Amino acid sequence: MIIVKSREEIELMRESALIVSKTLGMIASEIKEGVTTLYLDKLAEEFIRDHGAVPSFLGLYDFPNSLCMSPNSQVVHGIPNNKPLESGDVISVDCGAFKNGYHGDHAYSFEIGEVAPETKKLLQITKESLYVGIREFKAGNRVEDVGNAIQKYTEAHGYGVVRELVGHGLGQKMHEDPEMPNYGKRGRGKLFVEGMVVAIEPMINLGTKNIKQHKDGWTITTADGKPSAHFEHDVALVDGKPEILSTFAYIYQALGIVSNEEDEFRKVPLVL
């Protein structure tokens, strides 16, 4: 059952989403060669709590940490550890924060040092596909319209679209209806309704779409060992159009990147 949010609830969710955005911006300033993911995880937990929230992932389904940190061939749900990051790595950092009764949840894939050109392009196309999908989250459309748009955009570049892992509704629970796959056929799935809030998150592989789960019960990698990319935004349906509640602007500020990619999805300009 889709749980529709009021405008007031959406604003509370925006606050939670922006705590995640600020956490990822802080991580962007700290993530580099020689740093461990466990160190970054501890920084994130402290940052989230300092902002009056609690980490959504810590203890969720018994997950042991505050961040899912998934380098290279890991798709999602990577557990932070003491292995230092190396130049050439790419890593998905997925973060959640719970405040005022609502969750924020989004992700960004970072480059460490000098990354191979084909991997760099994978990240670029995956991030672009996120916005391609968000444009389809509008009145009159259905769930698989978003997935179909993402699938077409990424498969045109020869990439594999993960089937077993999907985006989701978001609210007082981390995972609500509907599931938001990154593939599908136009015109299928649940109809989008005013006040919906979803997490749209393309998980795209450089090679095969196939994945495998490891014995720790969490870590998921590509079946062929090639890199994977993951980007995620929280999006509300407001006046029939998609409105992004999260932002990558804090990341871009930390990395010196200039971008207007989110502007079309905001009624009011974001003030950092």
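What residue, of GLU261, GLU176, is in contact with a Phe, Trp or Tyr (Cβ under 7 Å, 6 or more places away or on another chain) and surrounded by 14 or more Cβ atoms within 10 Å (Cβ to Cβ)?
Of the residues listed, the single one that is in contact with a Phe, Trp or Tyr (Cβ under 7 Å, 6 or more places away or on another chain) and surrounded by 14 or more Cβ atoms within 10 Å (Cβ to Cβ) is GLU261.
Using beta carbons and a limit of 7 Å, which pairs, at least six apart or on different chains, have the first residue in the range 181-200 and within 22 Å of ALA17 (Cβ to Cβ) and the second one polar (S, T, N, Q) and modelled with pLDDT of 95 or more?
What qualifies is ASN182/GLN151; PHE192/ASN141; GLY195/SER6.
Given the options ASP145, ASP94, ASP105, name the one that is in contact with a Cys (Cβ under 7 Å, 6 or more places away or on another chain) and open to solvent by less than 60 Å² (accessible area, probe 1.4 Å).
ASP94
Report, by residue number, each residue of the range 33-47 that is of a type in the set (A, V, I, L, M, F, W, C) and under 17 Å from the mean Cα position of the chain (by Cα).
Hit for the range 33-47 is ALA44, nothing else.
So, in the range 44-67, exactly how many residues are touching a strand residue (DSSP E or B) at 6+ places or on another chain (Cβ under 9 Å) and assigned to a helix (DSSP H, G or I)?
Qualifying residue count, the range 44-67: 5.
How about the range 108-124: which of its residues are buried (at least 19 other Cβ atoms within 10 Å of the Cβ) and over 26 Å from ILE10 (Cβ atoms)?
Correct list: SER109, PHE110, ILE112, THR119, LEU122, LEU123.
Can you find, within the range 215-258, the residue that is least open to solvent (accessible area, probe 1.4 Å) among those that are over 17 Å from GLY195 (Cβ atoms) and of a type in the set (Lys, Arg)?
LYS226
Those residues that are surrounded by fewer than 24 Cβ atoms within 10 Å (Cβ to Cβ) and part of a helix (DSSP H, G or I), I need them from the range 3-18; list them, please.
ARG7, GLU8, GLU9, ILE10, GLU11, LEU12, ARG14, GLU15, LEU18, listed by residue number.
Please specify each residue of the range 185-203 satisfying the condition of being surrounded by fewer than 12 Cβ atoms within 10 Å (Cβ to Cβ) and within 21 Å of ILE244 (Cβ to Cβ).
VAL193
I'd like to know if the range 211-231 contains one or more residues that are over 19 Å from ARG142 (Cβ atoms), in contact with a helix residue (DSSP H, G or I) (Cβ under 8 Å, 6 or more places away or on another chain) and hydrophobic (A, V, I, L, M, F, W, C).
yes
Scan the range 219-240 residue by residue and report those that are acidic (Asp, Glu) and within 16 Å of the chain's Cα centre (by Cα).
If the condition is that a residue be acidic (Asp, Glu) and within 16 Å of the chain's Cα centre (by Cα), then GLU232, ASP234 are the ones that fit.
Select, from ASN82, ASN65, the only residue that is of a type in the set (S, T, N, Q), modelled with pLDDT of 95 or more and open to solvent by 50 Å² or more (accessible area, probe 1.4 Å).
ASN82
So which residues in the range 130-155 are more than 23 Å from ALA17 (Cβ to Cβ), touching a Gly at 6+ places or on another chain (Cβ under 9 Å) and without any contact (Cβ under 8 Å) to a residue 40 or more places away in the chain, if there are any at all?
Residues satisfying the conditions are ASN148, GLN151, TYR153.
The values are calculated or read from the model by the stated rules, or taken from the named source; none is laboratory data. Everything quoted here is computed from the prediction, not taken from an experiment. No Cβ is skipped: glycine too gets one built from the backbone with ideal geometry, and neighbour counts run over all protein chains shown. Accessible surface areas use protein heavy atoms only, side chains included; no ligands, DNA or RNA. Shrake-Rupley method; radii C 1.70, N 1.55, O 1.52, S 1.80 Å.
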